[in-house]
Each structure stands twice: as structure tokens, then as C-alpha cells.
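Read through the structure below, which is laid out as C-alpha cells, and then see the notes.
Any read-out appearing in this document is the output of simple, stated calculations on the displayed coordinates, not a laboratory observation. All values reported here derive from a predicted model rather than from experimental measurement. Reconstructed Cβ throughout: ideal geometry from the backbone, glycine too, with neighbour counts over all protein chains shown.
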Amino acid sequence: MTTATSAARTLPKLEPADFKIPTLGECTFQTPPTKNEIVSENERILYQSRFSSPSELDPSLAFEVAGLRDHLFFDPHDINVGIVTCGGLCPGLNDVIRSITYSSLAYGVKKVYGFKFGYRGLSRQGRSYVLLDTKSVNTIHYLGGSFLGSSRGPVPPEEMVETLKLLKISVLFTIGGDGTQRGAMFLQDKITEMGEKISVIGIPKTIDNDILYVDKTFGFDTAVEEAREALTCAHVEAKSAPHGLSIVKLMGRDSGFISAKATLASGDVNICLIPEEPFTLEALFKVVESRLLRQNHCVIVVAEGAGAELMAKIQPPVKDASGNLKGGDIGLFLKEQIQAHFKKLDMECTTRYIDPSYTIRACKPNASDAAFCEELGNKAVNSALSGKTGCIVGFWNQQFTLVPFSLITRGRKMIKLDENMWSTVKAMTADVTGRSEKGEASCL
Ligand code: ATP
Ligand code: MG
């Protein structure tokens with residue numbers, strides 16, 4: 001039963017001001033006749049939808065709706081727009097680029113600039129761009145990756161403003177993860193400080209689905225679908241060998257959403273390790289051993305950031321070009337530790353280690369993600385023309401929302417260990433936290 005306490009526990013406390021979307025000014029241009037839905041300035045999407053008593057619902061805590069208003073801030077025929085993709089690859093990047101290009105050109109925007117290789121393409125030294133039109137982006141959604149390329153590494157915001165001014169760009173669309181949107185926030189601050197009327201609108205890209213205050217990001221569905229394929233193969237491998245053990249490493253530096261969802265989808269996983277829940281090697285060995293003896297095979301899923309504290313003792317983490325901490329390979333680590341354990345016991349264990357991460361990241365989106373990307377691009381353009389800035393296009397309670405950069409950059413979304421999804425995963429898999437007496441799910 002859902003209690004008031006558990007419903008309240010699901011969401012952090014926020015203030016009405018946290019939801020405020022910056023605007024560039026008064027919208028004075030009548031929106032031209034359009035097939036797009038016109039959204040009223042007053043419409044909102046409730047922040048909290050789960051409750052025990054209606055008195056818990058607070059309509060002042062709500063997101064603005066993404067989309068077109070009845071008046072525009074920009075005359076589309078008078079502006080150029082820019083698109084940049086940063087960070088790691090994710091299925092759907094090209095679909096979003098295509099959607100933004102098509103939507104912008106449909107309004108009569110003069111030029112669509114695509115910056116090459118992330119923020120680097122907006123820097124003074126590395127300035128590089130291509131002009132996008134319907135012909136050049138027509139078929140890019142058939143492919144994975146980013147048509148524009150991507151990169152990591154910081155660029156001073158003043159250099160980016162210089163590039164935007166030079167090319168007379170009025171809207172920049174930033175497609176990227178938490179780092180990209182943090183960069184976009186500093187860029188928007190600099191634009192405001194310089195008194196420029198340039199809108200910065202983010203489209204959150206995180207295959208890990210770890211952006212705060214956004215239910216779903218593009219590429220995640222595809223990643224789970226591809227991960228499930230890898231798990232099916234891993235299961236076949238494990239079952240075909242004497243005392244077969246398959247370890248599959250999936251993406252998820254800080255959050256284990258892909259691993260958890262793929263575990264639910266697959267039904268073949270016996271142990272699911274995520275960054276949010278620490279585990280002990282002793283408990284892990286015990287479960288693997290008993291499964292191999294009774295069932296002859298075992299499948300482990302491990303998110304890349306799981307067991308970070310165990311790994312750090314052996315291999316201290318290093319930083320990548322964007323300052324993100326990168327530890328060693330947890331999948332390889334587990335394989336070595338488990339093999340050493342069974343060697344000591346003189347017990348056979350045929351171990352396979354499968355890491356499908358890069359093939360998952362680089363593939364094209366499934367139908368659901370592709371449709372989602374199309375809508376995201378459309379909502380981003382419509383919101384930007386209406387003078388919105390300093391925010392991303394989010395998705396909350398099945399609706400497209402606007403979420404301020406200042407809100408999503410407060411942290412990362414993580415699996416809540418006491419909530420529905422993880423409790424279902426726990427019911428299907430063994431407990432290796434070292435805290436459980438039982439150690440295993442009843443069906444194992
Ligand atoms: P992902 O982690 O999903 O691959 P990301 O957007 O978080 O995507 P990062 O490499 O962390 O990827 O960042 C992308 C870009 O944003 C980089 O060019 C990085 O330098 C820039 N960036 C990250 N954090 C900041 C920050 N605090 N200020 C300015 N720029 C930043
Ligand atoms: Mg990131």
C-alpha cells in the first residue's frame with residue numbers, strides 16, 4: 001500500500017521559483033498559421049502526480065509546457081539557428097538534428113548551422129560548422145552516431161558567444177548530457193551578462209536516463225532493447241558450458257537504469273549490480289557458487305559504475321577531458337576475481353565476459369525512440385521561437401515540459417532502492433549486498 005510518506009519520499013522538495021523558465025522578452029510576432037498545437041502560457045504539468053490525499057498536491061509546483069505560443073519572440077524569417085551535439089554517442093542524435101532542421105526551415109528560418117565536434121566547433125581555434133538543409137539531413141536518421149560529430153572538453157563561454165554573434169545565430173540547440181547542459185547554462189549566463197538576445201535550448205541526451213526531473217530521455221529504450229539481445233546471448237552461452245557464467249557489462253556510470261530495465265525485460269539475469277547499491281565480493285561468490293552447483297549456469301549484469309568503491313582500492317579513478325571520473329573496467333575486474341575464487345576452490349567455472357556498450361551507443365534508435373526524437377526536436381524549435389531560453393525540453397508525466405538548466409544540473413537521477421522498479425528487480429535476482437540472510441530470490 002502506498003503511504004503518504006512513501007509518496008512524498010519519491011520527490012525532492014522544490015519551490016515554485018525553481019520551475020521558472022527564463023524568457024528573452026515580450027512575444028510580439030503573431031504566430032503564422034500552423035499545424036502545431038498552440039500552448040497557453042498558463043498551462044502547466046504537475047510536478048507531483050502520486051499522492052495519498054489531494055491536499056498533498058500543489059499546483060504551484062509545476063513545469064511549463066514545451067511548445068508553440070500564439071505569439072513569437074523571433075520573426076523566424078529573420079534569424080539563423082545553430083545545433084551542437086556533445087558528449088558520448090546515443091541512439092537518436094541524428095533524428096533530433098534532422099527534426100530541428102526540418103522544423104526550423106518549415107518556419108522559414110534563414111540558416112541552420114550544424115557545429116562540428118561538440119562545443120569545440122564553437123570555439124575560436126576550432127570553429128567549424130556545416131549548413132544544414134533538408135537535402136543534407138534527409139537520410140541521416142537511418143544511421144547511428146552524430147552527423148555533426150561530438151567531443152568532450154571545455155570551451156570558454158565568451159568564445160561561444162563570439163561565434164554565435166559572428167554567424168548571427170539567435171537560437172542554439174544543445175544536444176547532450178548533464179555536462180553539455182551545464183555548459184549550456186554557463187553559456188546562457190554569459191549571453192545574459194552581455195545583454196544579447198540569444199536563446200539556448202537543450203535537448204537532454206543520456207543513454208543512462210540519468211537527467212533529473214526528466215522521466216525519459218531518447219536512446220534509453222533502444223539501449224534496453226539492445227541490452228536484452230546481449231543478455232539472451234549471454235544466457236545461451238552460460239547454459240551451453242559446464243558451470244557456465246556470463247558477465248554482461250552495460251552503460252551506467254552513476255545510475256543503473258539500463259541494467260535494471262534490461263534485467264526486467266530479459267528474465268534471464270540472476271544477479272544485477274548497479275552503482276546505487278553496494279555489494280560484497282563474498283556475497284557474490286556465494287550466490288554464483290550455489291547457482292552453478294544447483295543450476296549449472298549463472299548470468300550477471302553489471303552497470304559500468306557499479307562496485308566503484310571495490311575497484312578504487314585496486315585502481316584509482318582518472319578524469320576524462322570533461323572532468324568526469326572514470327574508473328577501471330568492473331566487468332573485467334569481476335571476471336578476474338570470480339575466476340581466482342573458483343581456482344582456489346578447484347571448481348570449474350567457464351566464464352564469458354560480454355561488453356556490448358559501444359555497439360549499443362552507436363546503433364540507430366528503435367521506432368519508439370525515433371518518434372520521441374522527432375517530437376523533441378519539434379518542441380525545442382517551437383519553444384525557442386516563443387522566446388524561451390535557459391532550459392531543456394523534458395518529458396514528465398507523459399507530457400513534454402520545459403525544465404530550467406538550473407534545476408537539472410543540481411545532481412543526477414538515480415534508482416531509488418525502496419521504489420517499485422528496483423523492488424521488482426530484487427524479487428527476480430539474488431541479493432549480494434551481504435546484508436541478506438537468504439542471499440537469493442526464491443526462484444533461483
Ligand atoms: P555524456 O556524459 O552523456 O556522454 P555529457 O554532455 O555529460 O554527455 P561531457 O563530456 O561531460 O558529456 O560534457 C560535454 C561538453 O560539455 C564538453 O565539451 C564539456 O567540456 C562541457 N561541460 C561539461 N561540464 C561543464 C561545465 N561545468 N562548464 C562548462 N562546460 C562544461
Ligand atoms: Mg555526463
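When the C-alpha to C-alpha distance is required to be over 23 Å, the pairs from K13/K413; K111/K388; K249/K379; K165/K216 that qualify are K249/K379; K165/K216. Counting beta carbons within 10 Å around each of V224, V130 and listing the fewest first gives the order V130, V224. By other beta-carbon atoms within 10 Å, ranking T409, T280 with the fewest at the front produces T280, T409. Amide H to amide H, with H built 1.01 Å from N, E277 comes under 5 Å of no residue 5 or more places away or on another chain. Let me check I've understood the local charge: for H71, count other residues with C-beta under 12 angstrom from its C-beta, Lys and Arg +1, Asp and Glu -1. What total comes out? Value of the local net charge: -3.
In this Cβ point-charge picture (+1 for Lys and Arg, -1 for Asp and Glu), the stretch 127-261 has a dipole of about 180 debye about its Cα centre. Based on alpha-carbon centroids, what's the gap between the stretch 25-97 and the stretch 358-383 in Å, whole number please? If we compute the Cα centre of each part, the gap is 16 Å.
Hey, with R₀ at 41 Å, roughly what FRET efficiency would L166 and T139 work out to, going by the Cβ-Cβ distance, to 0.05?
Working: r = 30 Å, r/R0 = 0.74.
That gives a FRET efficiency of 0.85.
Length available on full extension from N397 to A241: 0.36 nm per residue minus the Cα-Cα distance, which gives 51.7 nm.
Looking at the stretch 347-444, the GluC sites (Glu not before Pro) that sit in a DSSP loop and have at most 13 other Cβ atoms within 10 Å of their own Cβ are E348, E419, E437. GNM remark for the chain: springs join alpha carbons under 10 Å apart, and the peak mean-square fluctuation among F257, F342, F74 falls on F342.
About its Cα centre, the dipole of the chain is roughly 780 debye, where the only charges are +1 on Lys and Arg Cβ and -1 on Asp and Glu Cβ.
Phi angles of the stretch 157-173 translate, via the Karplus equation with coefficients 6.51, -1.76, 1.60 and θ = phi - 60°, into HN-Hα couplings of x, 5, 5, 5, 4, 4, 5, 4, 5, 4, 8, 6, 8, 9, 9, 10, 9 Hz per residue; Gly and Pro are given as x. Here the extension length gained between M414 and A312 equals 34.7 nm, from 0.36 nm per residue of separation less the Cα-Cα distance.
Compute the angle between helix 367-385 and the longest alpha-carbon principal axis of the chain, please, reported from 0 to 90 degrees and rounded to the nearest 10. Its long axis makes an angle of about 30 degrees. Computed over neighbours whose Cβ is under 10 Å from that of K413, the net charge equals -3, Lys and Arg +1, Asp and Glu -1.
A cut-off of 5 Å between modelled amide H atoms, ignoring neighbours fewer than 5 places along the same chain, links L68 with V39. The length gained by stretching the chain between S49 and L345 to full extension, at 0.36 nm per residue less their Cα-Cα distance, is 101.3 nm. Against the chain, whose longest principal axis is taken from its Cα atoms, helix 93-106 shows a tilt of about 20°.
Using helices alone, what [θ] at 222 nm do you get for the chain, with -39,500 (n - 2.57) per DSSP H run of 4 or more residues, divided over all residues and rounded to the nearest 500?
Theoretical 222 nm ellipticity from helices: -10500 deg cm²/dmol.
Ranking G67, G176, Q30 by how far each Cα lies toward the positive end of the dipole of the chain (charges on Cβ) leaves G176 at the top.
Taking other C-beta atoms within 10 Å as the exposure proxy, E159, E26, E43 rank E26, E43, E159 from fewest upward.
On C-alpha positions alone, give me the angle between the axis of helix 281-295 and the longest principal axis of the chain, in degrees, nearest 10. It is inclined by approximately 70 degrees. Taking R0 as 51 Å, what's the FRET efficiency between T280 and S368 from their Cβ-Cβ distance, rounded to 0.05? Approximately 0.85, to the nearest 0.05. For the stretch 42-57, backbone phi angles converted through the Karplus equation (6.51, -1.76, 1.60; θ = phi - 60°) give residue-by-residue couplings of 8, 5, 9, 10, 4, 5, 9, 10, 9, 7, 9, 9, x, 5, 6, 7 Hz, Gly and Pro being listed as x.
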